[in-house]
Amino acid sequence: MSFYCYLTTAQAIVVAADNKKQVLSISTDPMGMIRSEKVTAWNAQKIHAVGFGWWMTGIGLSAFLDEVRKRVRHLMDDEAQGAMAAAKVMERLVAESGWLQSLYEHTIAGLMEDLAPGLTKPEWLEQLQEIVFAGFDEAERPVVMRAQSVQEFAFEKRTGAGYFGFAGENAGWDPEVREDIGRYLSDVLDDLRRRPAAEMAHRVWDLLPPLFQRMARAFPEKISASGDLVYMTPTEHRWLLF
């Protein structure tokens, strides 16, 4: 398990995610063994720009999330010529979400091919996959698009201010934990609503890292206290490490 969260206000979107705890892979040599790669500065982060003001995060298989990111970046490069066109590309991607399910199945099949004969399918290949895209539509309204493997990657779209969400919101945490996270993020959102835009980036820096630190203390095997945070508006973004 790992963790991310997002919030939307009238002027901005905030996305934060913890660093990866481990990077699992399957060797391609004849032994086909499962190995854990060292987490480094280049493979730890989980929030990535996909082009023209749109960002992506998620939880699950790194191999799958990397392929999704590459696919979206290629489409942005080929078809988007600005923020308005990028919003249309994203709308098409989420309307035709079957490509995500196919890509996921192809990724799993490729990893299974690398397993040595006789080895059973590792449990981490069955874990929940979540993908989130965040950006702004043609009217410069915040948009968050979210999909999960348990729903065959059918996207849930939220447009406008006043929304928040987090990894494991619908599954993966006990009800008490979900309620606690939800209350905290609701309080953060209420705080941001009372702030001028010039103060928001500094305020989320004050408020969100403590949530990750608290969760890392409660679930040290699942969540890192460090991570990154992206504050974005229709015209700029700030990328902060905590």
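The values are calculated or read from the model by the stated rules, or taken from the named source; none is laboratory data. Here the structure is a predicted model, which means the values were calculated and not measured. No Cβ is skipped: glycine too gets one built from the backbone with ideal geometry, and neighbour counts run over all protein chains shown. Just the protein is used for accessible areas: all its heavy atoms, side chains included, with ligands, DNA and RNA removed. Shrake-Rupley method; radii C 1.70, N 1.55, O 1.52, S 1.80 Å.
In terms of solvent-accessible area of protein heavy atoms at a 1.4 angstrom probe, what is the ranking of Glu176, Glu130, highest value first?
Glu176, Glu130
Run the numbers on the chain and let me know its relative contact order in percent, using alpha-carbon pairs under 8 Å that are six or more apart. Write out the running numbers ahead of the final one.
Working: 417 pairs, mean separation 71.0, N = 242.
In percent, rounded to a whole number, it is 29.
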Fill in the blank from the handout: Semi-axes in Å, largest first, for the chain (Cα gyration tensor, √(5λ)) are 30, 22, 15
Problem - Crossing angle, helix 197-218 versus the chain [Cα axis fit, 0-90 degrees, rounded to tens] - result: 40 degrees
Problem - Förster radius 25 Å - calculated FRET efficiency between Gln45 and Asp191, Cβ distance, rounded to 0.05 - result: 0.45
Handout entry: Accessible-area composition of the chain, carbon plus sulfur, in percent [1.4 Å probe]
Key = 51 percent
Practice task
Multiply the residue gap between Arg178 and His74 by 0.36 nm, knock off their C-alpha separation, and tell me the result in nm, one decimal place.
Solution key: 33.9 nm
Practice task
With unit charges on the beta carbon (Lys/Arg positive, Asp/Glu negative), name the residue among Phe164, Ala225, Ile181 whose Cα is farthest towards the positive pole of the charge dipole of the range 136-242.
Solution key: Ala225
Completion exercise
The farthest towards the positive end of the charge dipole of the chain, of the residues Met90, Ile59, His202, given +1 on Cβ of Lys and Arg and -1 on Cβ of Asp and Glu, is His202
Fill in the blank from the handout: In whole Hz, the Karplus estimates of ³J(HN,Hα) for the range 227-242 (6.51, -1.76, 1.60; θ = phi - 60°; x where Gly or Pro) are x, 9, 9, 10, 10, 10, 10, x, 10, 7, 8, 10, 10, 10, 9, 10
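To the nearest 20 debye, what charge dipole does the chain have about its Cα centre, counting +1 at the Cβ of each Lys and Arg and -1 at the Cβ of each Asp and Glu?
Values: 26 positive and 34 negative charges, 107 e Å.
Here the chain has a charge dipole of around 520 debye.
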Fill in the blank from the handout: In degrees rounded to 10, the 0-90 angle between helix 175-193 Cα long axis and the longest Cα principal axis of the chain is 40 degrees
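Give me the Kirkwood hydrodynamic radius of the range 54-181, using the inverse of the mean 1/r over all pairs of distinct Cα atoms, in Å to one decimal.
About 16.1 Å for the range 54-181.
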Fill in the blank from the handout: Quarter of the surface of the C-alpha convex hull for the range 44-118, i.e. direction-averaged projected area in nm², equals 5.9 nm²
